[in-house]
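Every read-out reported here was derived from the displayed coordinates using simple, explicitly stated rules and does not represent laboratory data. Computed from a prediction, not measured in an experiment: that's the story for all the values here. Glycine gets a Cβ as well: all are built from the backbone with ideal geometry, and neighbour counts include every protein chain shown.
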Amino acid sequence: MRLTLDQLRSLVALAEERSFTLAARRVYLSQPALSIQIRKLEEALGAKLFDRKKGTLTEAGRVAVAQARRVLEEVERLTLLVRGEEAPFQGPFRLGVIPTLTPYLLPRLLPKLQERYPGLELEIREDLTPNLVQALQEGGLDAGLVGTEENHPGLRTTPLFREAFWAYVSPNHWLYSRESIHPLEIPQEDTWVLSEGHCLRDQVLSVCRPSLTKRRVEFQSGSLETLLLLVEGVGGLTLLPEVALWTLPEAKRAHLRPLTPPGAGRTVYLLLREGSLKTRVAQGVAEEAVRTFQALRLEAQA
């Protein structure tokens, strides 16, 4: 039995809608007709793709959906090339961004993208890196901005910019009197960090001196702003990525200390699916992200 593009479109719609009723409506079929398409696809592949009792994809189904999206993308590419209608900067573009970039980079980046690409329909998703990687692999996103180098089959990683870490120190902490701080002077037990799953957490902990004593308070947070408030109200310190500095009011900048010698920090990367139709758009977004970061750096140093 041969596969058909309609079967692949039905599978992708079911994977994204997680409902036979909604998926059928999306591909202009009745619900029974959609069920037939999925069943024929399962017969052709010799594997169960959708667990109807649980309403979820099987492992084989997840693999099939990822490949189906690539096939449909290539069909779209062929159509555009033959018609000579390739217009990469038009239509939807789905971008994933990690939480430690979103509140600092996007307020400046989005207006620039809207001005530069008025025909682009931007959809932004804020999430942790593993979830963004999965969404890219499955075709739910077109590109991602992350803070770690990711090596996964079918994905391409491109470095965009390197940003330094800065210490944000309570006046009650002994390091506050320093003009600069050596990373190995920073005790982990005094350092507020993000919760498990945030790549910045591991990056910060790798910079600090290993704990010598037990923490008095163990706290899990998904927000850098919360960590700043803890430093100010409770004490201790935290490390901030350079992109976060421009939002700090003048009064709070007194808490900042550079790390010496320099070098501690992170690189921000563009994640892109290999062979994606959105490659040119993603590259344009990446170029604008680099320019935006450079402008923020100059502003923070002013």
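Worth pointing out:
- In loop segments of segment 1-50 as defined by DSSP, the chymotrypsin sites (Phe, Trp or Tyr not before Pro) with at most 15 further C-beta atoms inside 10 Å of their C-beta are Tyr28.
- Choice from Leu14, Leu41, Leu229 showing the highest fluctuation, given a GNM over the chain with Cα pairs closer than 10 Å: Leu229
- Think of segment 91-302 as having a plus end and a minus end, set by charges on the Cβ of Lys, Arg, Asp and Glu; of Tyr176, Leu95, His198, Tyr176 sits farthest toward the positive end of this dipole.
- Between Arg178 and Ser195, residue separation times 0.36 nm minus the direct Cα-Cα distance comes to 3.3 nm.
- Restricting segment 219-285 to chymotrypsin sites (Phe, Trp or Tyr not before Pro) in coil, as DSSP defines it, with at most 16 other Cβ within 10 Å: Phe219
- Segment 97-113 and segment 226-252 have their alpha-carbon centroids 18 Å apart.
- Each stretch of four or more DSSP H residues adds -39500 (n - 2.57); spread over every residue of the chain, this sum gives -13500 deg cm²/dmol at 222 nm.
- DSSP-defined beta bridges in the chain - what % are antiparallel, rounded to 5: 65 percent
- Most to least packed among 230-242, 174-186, 288-300 [average Cβ atoms within 10 Å]: 230-242, 288-300, 174-186
- At most 15 other Cβ within 10 Å, DSSP loop - GluC sites (Glu not before Pro), segment 1-110: Glu85, Glu86
- Sites Lys48 and Thr267 - FRET efficiency at Förster radius 45 Å, r taken between beta-carbons, to 0.05: 0.60
- This structure gives mean projected area of the Cα convex hull in nm², computed directly, and of (i) 16.4; (ii) 15.1; (iii) 19.3 that value is listed as (iii).
- Spacing of the modelled spin labels on Glu123 and Asp6, each 7 Å from Cα toward Cβ, amounts to 2.5 nm.
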